[in-house]
Amino acid sequence: MKFLSIIRPLNIFIALLASFIIGSIIVDIDIEAFIYICIVLSTYMAAGNILNDLCDIEIDRINKPKRVLVRYNINRRYIIILIIFLFTTGSIATSTLPILSRNIALYIALPGIIFYELIFKRLPFIG
């Protein structure tokens, strides 16, 4: 159960709750597309949270020593495979979405998450 904390389920729950609130406001919502949007959102968020913990593991040893990757000796390859699996699952889920939604997810959100974690976060004034 502690291992599940690596995806920060409360953050994902809050994002999904916000999505459901917005979804309830939209009059002609396509329920199937909405479900896939929630899958993309949750898998991308989970992967991004794990990637964040992996990139910040040395900082977290001091500032957040209770984080899963700091407390437990988990093979980095397994973590990277999990990140790839989650991003891939989310990306596959976009195949059922309208083209604009798919393009936003694949060409803006996905690269944005990855580039932010790996590059931009460490730049002054951006990160």
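Any residue that is small (Gly, Ala, Ser) and in contact with a helix residue (DSSP H, G or I) (Cβ under 6 Å, 6 or more places away or on another chain) - is there at least one of those in region 24-41? Explain how you work it out, then say what you get.
From region 24-41, those small (Gly, Ala, Ser) are 24, 33; that's our starting set.
When the remaining residues are screened for being in contact with a helix residue (DSSP H, G or I) (Cβ under 6 Å, 6 or more places away or on another chain), the result is none.
No, there is no match, as no residue in region 24-41 is small (Gly, Ala, Ser) and in contact with a helix residue (DSSP H, G or I) (Cβ under 6 Å, 6 or more places away or on another chain).
I need the full set of residues from region 94-111 which are in contact with a helix residue (DSSP H, G or I) (Cβ under 9 Å, 6 or more places away or on another chain), open to solvent by less than 50 Å² (accessible area, probe 1.4 Å) and part of a helix (DSSP H, G or I), in order please.
THR94, SER101, ALA105, LEU106, ALA109, LEU110 - these are the residues of region 94-111 that are in contact with a helix residue (DSSP H, G or I) (Cβ under 9 Å, 6 or more places away or on another chain), open to solvent by less than 50 Å² (accessible area, probe 1.4 Å) and part of a helix (DSSP H, G or I).
Counting only residues that are outside any helix (DSSP H, G or I) and within 17 Å of ASN11 (Cβ to Cβ), which one in region 37-93 is least open to solvent (accessible area, probe 1.4 Å)?
ASP56
Suppose the filter is open to solvent by 30 Å² or more (accessible area, probe 1.4 Å), at positive phi and at pLDDT 85 or above; does ARG8 pass it?
Judged against the criteria, ARG8 is a match.
Is it the case, given these coordinates, that SER19 is in a helix (DSSP H, G or I) and either modelled with pLDDT of 95 or more or in contact with a helix residue (DSSP H, G or I) (Cβ under 9 Å, 6 or more places away or on another chain) (or both)?
yes
So LYS2 fits all but one of (1) open to solvent by less than 90 Å² (accessible area, probe 1.4 Å); (2) modelled with pLDDT under 95; what number is the exception?
Going through the list (1) open to solvent by less than 90 Å² (accessible area, probe 1.4 Å); (2) modelled with pLDDT under 95, LYS2 breaks only (1).
Any idea which of ARG102, ARG77 is within 21 Å of ILE6 (Cβ to Cβ) and among the basic types (Lys, Arg)?
ARG77
Could you count how many residues in region 112-127 are open to solvent by less than 50 Å² (accessible area, probe 1.4 Å) and either small (Gly, Ala, Ser) or more than 17 Å from ILE50 (Cα to Cα) (or both)?
1
Can you find, within region 27-36, the residue that is modelled with the lowest pLDDT among those that are assigned to a loop (DSSP other than H, G, I, E, B) and of a type in the set (Val, Ile, Thr)?
It comes out as VAL27.
The values are calculated or read from the model by the stated rules, or taken from the named source; none is laboratory data. These numbers come from a predicted model, not from an experiment. For neighbour counting, all protein chains shown are included, and Cβ atoms are generated from backbone atoms with ideal geometry for every residue, glycine included. Quick note on the areas: whole protein, heavy atoms, side chains included, nothing else; ligands and nucleic acids left out. Shrake-Rupley method; radii C 1.70, N 1.55, O 1.52, S 1.80 Å.
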